[in-house]
Amino acid sequence: MTKSFQQAFNALKEHTCLSYAKIATMGGLCNVDHIIVKATAPNGSPLSDKYVHQLLRLFAISPPCCRAFSLGFARRLGKTRSWRVALKCLLLLHRLLRSSPEDSLFRTELLINRSNGSISLYPCNFRDVSSSDPESFTAFIRSYARLVDEISNEDNHRRRPGPPNNSLEEIGRVLEVLEQIQSLIDRVIECKPTGVTARNFLIQTAMKHITRDSFVCYTVFKNDIVFLLENMFQMPTYRCCISAFDVYRKAALQADRLYEFYQWCKLMGVCGCYEYPFVDRIPLLQIQALESFINGMWEIKDDNVAMEVMKKTNGGFKFTIPLMGNM
């Protein structure tokens, strides 16, 4: 099959699905499948807000529609070879996730269909045959699919930690949330389009939602990393301390990449310049100094523990060796 024939066949198939959905709607048979098809039409128009609102209303009044959406979404994304359809599918799911409570039936049904393999966002097997640069569009769709997959898997970064109480549980929970946010920010940066996709109107529309998502993540991250740094020297074990330091060290490297990503987004007109958060860039010298201090601190603690053991195991004969921390 030649490339031009593939493109023509794919376009005919997509338009046939859309025509059927329009006829069904006119006949009063407007169900979830028809909404999905109409929302993800293979044209140059962006995803309409009305389809998001229609689906949210259906989920609220008819819980079985949640399962119908998961199945319909899986079919639509799994069968299409049009990047426009795939992009709108992902953007539709992205917006529904952001508008649904964490304990909603919609999320539960989505999780079930992801776990049984009906919906596969990562790895994503989509391949575009509808454009003149299928490699660039395929790469963007797969990167976006991986981001949406992480959003649907874990959404704990939306939960704000309670007041710091310096407990091990609190520190562990903050560490877990920070690691999730860092992973999400990595996925966001990976969505940076290349080639002809960078100036495509639909891609730029999607990038606005992707980038605004990162604003929320990074704002929470900046607040929580301060709490982590303040409690780093009160960690009960060396392993906990190193885990916290690894998050902080990655934050320094990630901040540089995020800053460059935001600069590119501003240049391309993605979101208003006033919307972007200030990126705190951590100097490498500060990271190196913190690492040396942590290693030295735990060496002293280990020496003190060893000396206590020696005192207890030598009967009545006690001796002390002047330690650096006691001099």
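The values are calculated or read from the model by the stated rules, or taken from the named source; none is laboratory data. Predicted, not measured: the structure shown is a model, and the values here were computed from it. Neighbour counts are summed over all protein chains in view; Cβ atoms, including those assigned to glycine, are modelled from backbone coordinates with ideal geometry.
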Boolean, S136 is over 22 Å from N153 (Cα atoms) and part of a helix (DSSP H, G or I): yes
Among the residues listed as S132, S167, S152, S183, the single one being at pLDDT 95 or above, of a type in the set (S, T, N, Q) and either in contact with a Pro (Cβ under 9 Å, 6 or more places away or on another chain) or at negative phi (or both): S183
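What residue, of K208, K192, is assigned to a loop (DSSP other than H, G, I, E, B), surrounded by 14 or more Cβ atoms within 10 Å (Cβ to Cβ) and either modelled with pLDDT under 95 or on the phi < 0 side of the Ramachandran plot (or both)?
K192
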Filter result for the condition that a residue is in the same structural domain as R57 (by TED's automatic domain parsing), aromatic (F, W, Y) and farther than 19 Å from R187 by Cα, over F106, F140, F126: F106
Selection status of I112, in a helix (DSSP H, G or I), under 23 Å from S214 (Cβ atoms) and of a type in the set (V, I, T): no
I287 among the aliphatic types (A, V, I, L, M), closer than 30 Å to I185 by Cβ, modelled with pLDDT of 90 or more and not in a loop (DSSP other than H, G, I, E, B): yes
The listed residue being within 17 Å of L184 (Cα to Cα), out of contact with any strand residue (DSSP E or B) (no Cβ under 8 Å at 6 or more places or on another chain) and assigned by TED's automatic domain parsing to the domain that holds E299, out of F233, F245, F221: F221
Scope segment 215-230; condition surrounded by 18 or more Cβ atoms within 10 Å (Cβ to Cβ) and modelled with pLDDT under 90; matching residues: L228
Hits in segment 250-279 - residues which are touching a residue at least 24 places away in the same chain (Cβ under 8 Å) and over 20 Å from the mean Cα position of the chain (by Cα): M268, G269
